[in-house]
Amino acid sequence: MDITVQQEKSVLTVFLKGELDHHTASKIKDTIDLLMLESSVKMLILDMSEVTFMDSSGIGMIAGRYRRVKSLGGSMSIRNANKVISKVLKMSGINQLMKIS
């Protein structure tokens, strides 16, 4: 899993590439949490255009980041998920917590 981040003011965009599974979820979680601690993030965007696979660990990581950014008074969205990833997100109910586009 490759992680690239872009921050503009209080908007943090995280670009994910590869498999989002139990091997990579904790690395992504730690990276995002550190960035949220270091700066005032009010909007977290996960760009999943290059995510090739996601399991329940990925869902847990996303839900945890949602709770964290929400506790800081912010919001979260997911962009560019392919059809398979979008289906997993909808089946998990993540689409009821945040915008998926």
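The values are calculated or read from the model by the stated rules, or taken from the named source; none is laboratory data. Being a predicted model, the structure only gives us computed values, none of them experimental. Positions of Cβ are generated from backbone atoms using ideal geometry, with glycine treated the same way; all protein chains shown enter the neighbour counts.
To keep it simple, each residue is scored yes or no on (1) in a strand (DSSP E or B); (2) touching a helix residue (DSSP H, G or I) at 6+ places or on another chain (Cβ under 6 Å); (3) under 19 Å from SER86 (Cα atoms); (4) hydroxyl-bearing (Ser, Thr, Tyr).
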residue: THR13; (1), (2), (3), (4): yes, no, yes, yes
residue: LYS17; (1), (2), (3), (4): yes, no, yes, no
residue: HIS22; (1), (2), (3), (4): no, yes, yes, no
residue: SER26; (1), (2), (3), (4): no, no, no, yes
residue: THR31; (1), (2), (3), (4): no, no, no, yes
residue: LEU34; (1), (2), (3), (4): no, no, no, no
residue: LEU46; (1), (2), (3), (4): yes, no, yes, no
residue: SER49; (1), (2), (3), (4): yes, no, yes, yes
residue: THR52; (1), (2), (3), (4): yes, no, yes, yes
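Counting only residues that are within 24 Å of GLY74 (Cβ to Cβ) and surrounded by fewer than 17 Cβ atoms within 10 Å (Cβ to Cβ), how many does segment 18-30 have?
3
Let me spell it out: the conditions are (1) touching a residue at least 24 places away in the same chain (Cβ under 8 Å); (2) surrounded by 17 or more Cβ atoms within 10 Å (Cβ to Cβ), and SER86 meets all of them except one. Which number is the exception?
All conditions pass for SER86, except number (1).
Test VAL69 against the criterion of being assigned to a helix (DSSP H, G or I), surrounded by 15 or more Cβ atoms within 10 Å (Cβ to Cβ) and either of a type in the set (A, V, I, L, M, F, W, C) or in contact with a strand residue (DSSP E or B) (Cβ under 8 Å, 6 or more places away or on another chain) (or both), and give yes or no.
Criteria met by VAL69.
To keep it simple, each residue is scored yes or no on (1) out of contact with any Asp or Glu (no Cβ under 7 Å at 6 or more places or on another chain); (2) modelled with pLDDT under 95; (3) under 14 Å from VAL5 (Cβ atoms).
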{"position": "ASP30", "(1), (2), (3)": "yes, no, yes"}
{"position": "MET36", "(1), (2), (3)": "yes, yes, yes"}
{"position": "VAL41", "(1), (2), (3)": "yes, yes, yes"}
{"position": "TYR66", "(1), (2), (3)": "yes, no, no"}
{"position": "LEU72", "(1), (2), (3)": "yes, yes, no"}
{"position": "SER75", "(1), (2), (3)": "yes, no, no"}
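Within segment 82-97, identify whether any single residue is at pLDDT 95 or above, within 20 Å of GLN7 (Cα to Cα) and either outside any strand (DSSP E or B) or of a type in the set (D, E, K, R) (or both), and answer yes or no.
no
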